Amino acid sequence: MRRLPLVLTTAALCGCLAAFGALSGGDPAAPPAGPVRRADTPAPGSGSLARLIATDQQRLRDAPADAPAWARLGAEYVEQARLTADSSYYPKAEEALHTALTLHPDENADALTALGALANARHRFAEARDLAGQAIASAPFHWQAYAVLADARTQLGDDLGATEAVQQLLDRRPGTASFTRAAYDLEQHGRTDDARNALQQALDGAFDPADKAFCHHQIAELDRNSGHPDQALTGYRAALRDDPGYTPALAGQARVEASLGDPAAAVRDYTTAVGRVPLPQYLLELGELQESLGHAAQAQEQYRLLAVEQQLAAANGVLDDLTLGQYLADHGDPAQAVSLLRAEWQRRQNVLVADALAWALHRQGNDEEALPLAEQAQHLGWQNAQLLYHRGEIERSLGRTGDAREHLTQALRIDPHFSPLLAPQARSALGGTL
């Protein structure tokens, strides 16, 4: 099947930005599966989201039949959940958005798109894809729906479909939301330089401090994933100067502080990050850092909190067997991890799920089944150190020493500090000649 080429040459991007003109703002949405702001909603980090919610709540007390206000409120609840990692906003968002559709059932692209963003946030990606499709059918130029569609298709492992949706988004709304999604698509296909170019163009066209922070953070992530922690640290600090409350940049800063040999600063910044936004990813990373430092009790406390957050999310409609499976593969019962990740693989066959299931199977001792999945995880050409490490370890267990040496070496070349627990194991395996 022919892949749609993503039009992201420097000339094309500059042309898009010229068309974008002097419009301010943008729509920072962490790829993949990031929600999308309304065009009239100030950027997260401006401190105005709570005021917007309060304004729409008051509006609906005065005019309870205002369908657009219900749609706005639902979208704002989804965004608030993203910013705070408080999944209790999801049922509120669902109720508000269904009310909007009940009041205005025909061609309500705003409500359908917000329901799609909610489904993405809950990891119900097939549902998000279908809702975005309904929104596009009713309003073909509703650009926000293409962002939701791109996120959903990416998570479902629909490679060609995700690229097509990103291109449609670029064609309709060149800006932060489209360039950052394009960058993620390009990175997954091994086109790191093109991804960086897209992010730099997004940064050059950003006006709002929160949008600038988001772009600096994404560029720093590319630097970190390419084994350039010093450059990444500079980028994370730039993001925090733009928006001191941007927690993803603080967590990123903690990651590179650990890799640069400053674990005390890393623990401090991770602790601040999870205090603000207790994302399972941050809790797992802090736990593994503590474990690498020999702080068993502190590590177990982070893992306990991760389990609590997962339970709260599940109670509010989030279906996330991937994160729990990744945790259990290394820190719990690999057999349970395999069970969870098989279920996730049935729902969506993307590269991250392939990698996680492969690793859980390896940890369970089933390397013959694991290897094809580890190969599938890299079929797009993504230069990801952890994926390469997992594949190398599986190959080492199968006695394929040449392949194992190649992939472990490649993992450490891409990022010598990709994990405080696994990177030392890769060096040890290579040092012992496998």
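Tabulated values for the structure
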read-out	value
Output for segment 66-95, where each listed residue is under 15 Å from Asn316 (Cα atoms), in a helix (DSSP H, G or I) and among the hydrophobic types (A, V, I, L, M, F, W, C)	Val78, Ala81, Ala93
Residue that is within 20 Å of the chain's Cα centre (by Cα) and closer than 17 Å to Gln281 by Cα, where the choices are Gln349, Gln326	Gln326
Hits in segment 296-355 - residues which are over 22 Å from His390 (Cα atoms), buried (at least 22 other Cβ atoms within 10 Å of the Cβ) and of a type in the set (Gly, Ala, Ser)	Ala313
In segment 118-145, the residues that are in contact (Cβ under 8 Å) with a residue 24 or more places away in the chain and more than 22 Å from Ala96 (Cα to Cα)	Phe141
Segment 91-139: number of residues that are closer than 16 Å to Glu79 by Cβ and of a type in the set (Lys, Arg)	2
Filtered residues of segment 99-117 (kept if in a helix (DSSP H, G or I) and out of contact with any Leu (no Cβ under 7 Å at 6 or more places or on another chain))	Thr99, Ala100, Leu101, Thr102, Leu103, Ala109, Asp110, Thr113, Ala117
Filter pass, Asp151 being buried (at least 24 other Cβ atoms within 10 Å of the Cβ), charged (D, E, K, R) and under 21 Å from Asp321 (Cβ atoms)	yes
Any chance Gln231 is touching a helix residue (DSSP H, G or I) at 6+ places or on another chain (Cβ under 9 Å) and under 23 Å from Gln155 (Cβ atoms)	no
Criterion (in contact (Cβ under 8 Å) with a residue 24 or more places away in the chain and either of a type in the set (A, V, I, L, M) or touching a Phe, Trp or Tyr at 6+ places or on another chain (Cβ under 9 Å) (or both)) met by exactly one of Pro229, Pro248	Pro248
Helices (runs of 4 or more DSSP H) (entirely within segment 318-434) containing at least 3 residues that are of a type outside the set (A, V, I, L, M, F, W, C), in contact (Cβ under 8 Å) with a residue 40 or more places away in the chain and touching a helix residue (DSSP H, G or I) at 6+ places or on another chain (Cβ under 9 Å)	321-331
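Bear in mind these aren't lab numbers, they're just calculated from the coordinates by the rules spelled out. All values derive from a computational prediction rather than experimental measurement. Backbone-built Cβ (ideal geometry, glycine too); neighbour counts: all protein chains shown.
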